[in-house]
Amino acid sequence: MSAMNPIFALAVILLAWGTGWLLRRLQLAPPELRRLSPIDGLRGYLAIAVFICHAAVWFFCIRHGRWEIPPSHFYTLAGESSVTLFFMISAFLFTTKLLEADTQPIDWLRLLTSRMLRLAPLYWTAMLMLFITVAALSDFALHDSLVNLIRRMLIWMTFTVVGWPELNGVADTWIIMAGVYWSLPYEWLFYLSLPLFALVLRRRVPVAAIVLSLISVAVFAALHRTGPWQLLPFVGGMLAAALCRLAGWRRFAATRVAFVLTSLSLMIGYTAFSTAYSLPAIAVLTLGFALIAGGQSLLGLLLHPVSRLLGEISYGLYLLQGFVLYAMTHAVLPPAEVAALSAPAYWGLVAAATPVLVLLCSASYALIEAPSLRQVDRVARAIRLIGHRLNLIPSAPR
């Protein structure tokens with residue numbers, strides 16, 4: 001059986017879903033989300049699809065020593081189309097905030113604080129895991145100058161905005177995380193560009209937010225060669241936000257015709273292209289996403305409690321999957337033995353790793369992400385108080 005048979009991907013999705021169901025059954029899952037949106041259920045499947053893509057990449061990398069896209073449109077698009085949709089989700093959610101700012105003014109300090117407390121704690125935990133892994137691979141010996149090692153570690157701590165250098169002589173350090181960090185600088189670019197988008201929409205924006213936004217965009221432009229294919233998905237998400245303001249679009253999104261259109265767009269977006277980073281692929285995915293954002297739940301699948309659970313832990317599923325795959329191909333079995341496995345046996349190993357990943361991410365959400373998110377208002381108030389006392393920011397949001 002070919003290693004690229006879609007049946008393996010289906011098995012992984014079902015195992016992830018079954019693990020989520022068991023967590024809920026045993027009452028070990030995080031509390032259910034108070035909001036009810038198909039987007040919340042979509043996130044989890046996107047993160048699992050990226051995991052499936054990277055598992056396929058490892059199958060060939062462990063044999064040939066090259067980290068390359070898999071020789072399958074479906075397995076390639078499992079990663080690329082999912083990241084494209086992740087970008088659309090971010091753009092949709094925050095563009096919606098901007099569009100609603102005429103009646104619900106944005107607290108820019110709280111927004112930035114919430115993004116930092118949403119992304120940073122688990123990311124920095126992942127960095128600690130990375131540094132420990134590198135230390136173990138280095139036999140806990142220093143193979144670089146201490147100053148240079150610390151400098152490189154600090155570069156990694158910046159969400160790789162300024163790079164992802166090798167650490168302590170460990171070649172291709174980035175493979176340990178399966179390279180998933182690459183999308184985070186683009187997420188931050190979008191968040192920090194929001195004040196500029198708000199100006200375009202004639203919303204009130206503090207001068208400090210505008211200055212920070214301009215500096216951030218300039219720094220990013222200086223450090224990264226950004227092509228249209230990294231930015232167009234955000235445009236797709238912004239377009240979806242505009243469409244979902246229309247009552248007629250929301251009504252249409254709930255129809256059977258919309259279900260068919262959404263299913264077809266996702267099917268095409270995950271099978272018909274050689275890459276998702278092209279205008280036709282992004283356009284097709286934008287249609288499906290806009291319908292989901294408008295309320296299309298795919299026969300209730302995206303509103304199911306298990307789907308929403310997987311969506312809640314999706315950041316962990318995305319960020320920590322590399323460690324699970326690396327351990328699977330280097331610690332559970334040595335690389336030579338993994339390379340000798342048949343395709344079904346290899347995917348059996350991936351299947352065994354899938355519940356481990358879901359359990360790890362459920363625990364990380366409960367212990368790291370959720371406690372951090374509960375501190376958003378408290379931290380924002382503290383920053384505002386300090387800024388007010390130093391005459392740096394006003395005492396209340398404008």
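Overview of values
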read-out: Residue list for region 51-80, filter: within 12 Å of the chain's Cα centre (by Cα) and within 26 Å of Leu243 (Cβ to Cβ); value: Glu80
read-out: Near pairs, Cβ below 8 angstrom, 6+ apart or cross-chain, from region 163-192 (under 15 Å from Phe323 (Cβ atoms)) to any residue that is at pLDDT below 95 and of a type in the set (S, T, N, Q); value: Tyr181/Thr160
read-out: Among (1) in contact with a Gly (Cβ under 7 Å, 6 or more places away or on another chain); (2) closer than 25 Å to Leu117 by Cα - the single one Cys244 does not satisfy; value: (2)
read-out: Val324 vs. criteria closer than 30 Å to Arg118 by Cβ, surrounded by fewer than 15 Cβ atoms within 10 Å (Cβ to Cβ), at pLDDT 95 or above and touching a helix residue (DSSP H, G or I) at 6+ places or on another chain (Cβ under 8 Å); value: no
read-out: Residue within region 352-361 that is closer than 30 Å to Leu109 by Cβ, of a type in the set (A, V, I, L, M, F, W, C) and crowded, with 16+ Cβ neighbours inside 10 Å present; value: yes
read-out: Unique residue being among the hydrophobic types (A, V, I, L, M, F, W, C), assigned to a helix (DSSP H, G or I) and under 21 Å from Leu319 (Cβ atoms) when the list is Ile150, Ile155; value: Ile155
read-out: From Ile89, Ile48, residue being under 25 Å from Met328 (Cβ atoms) and within 20 Å of the chain's Cα centre (by Cα); value: Ile48
read-out: Residue within region 109-119 that is exposed (fewer than 15 other Cβ atoms within 10 Å of the Cβ) and over 18 Å from the mean Cα position of the chain (by Cα) present; value: no
read-out: Number of the exception - Cys361 against (1) within 20 Å of Pro70 (Cα to Cα); (2) assigned to a helix (DSSP H, G or I); (3) within 17 Å of the chain's Cα centre (by Cα); value: (1)
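To keep it simple, each residue is scored yes or no on (1) assigned to a helix (DSSP H, G or I); (2) without any contact (Cβ under 8 Å) to a residue 12 or more places away in the chain.
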residue: Ala336; (1), (2): yes, yes
residue: Leu341; (1), (2): no, yes
residue: Trp347; (1), (2): yes, no
residue: Val356; (1), (2): yes, no
residue: Ala370; (1), (2): yes, no
residue: Arg378; (1), (2): yes, yes
residue: Arg381; (1), (2): yes, yes
residue: Ile386; (1), (2): yes, yes
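The values are calculated or read from the model by the stated rules, or taken from the named source; none is laboratory data. This structure is a prediction, so every number in the text was calculated from the model and none was measured. Quick reminder, even Gly has a Cβ in these numbers, built from the backbone with ideal geometry, and neighbours come from all protein chains shown.
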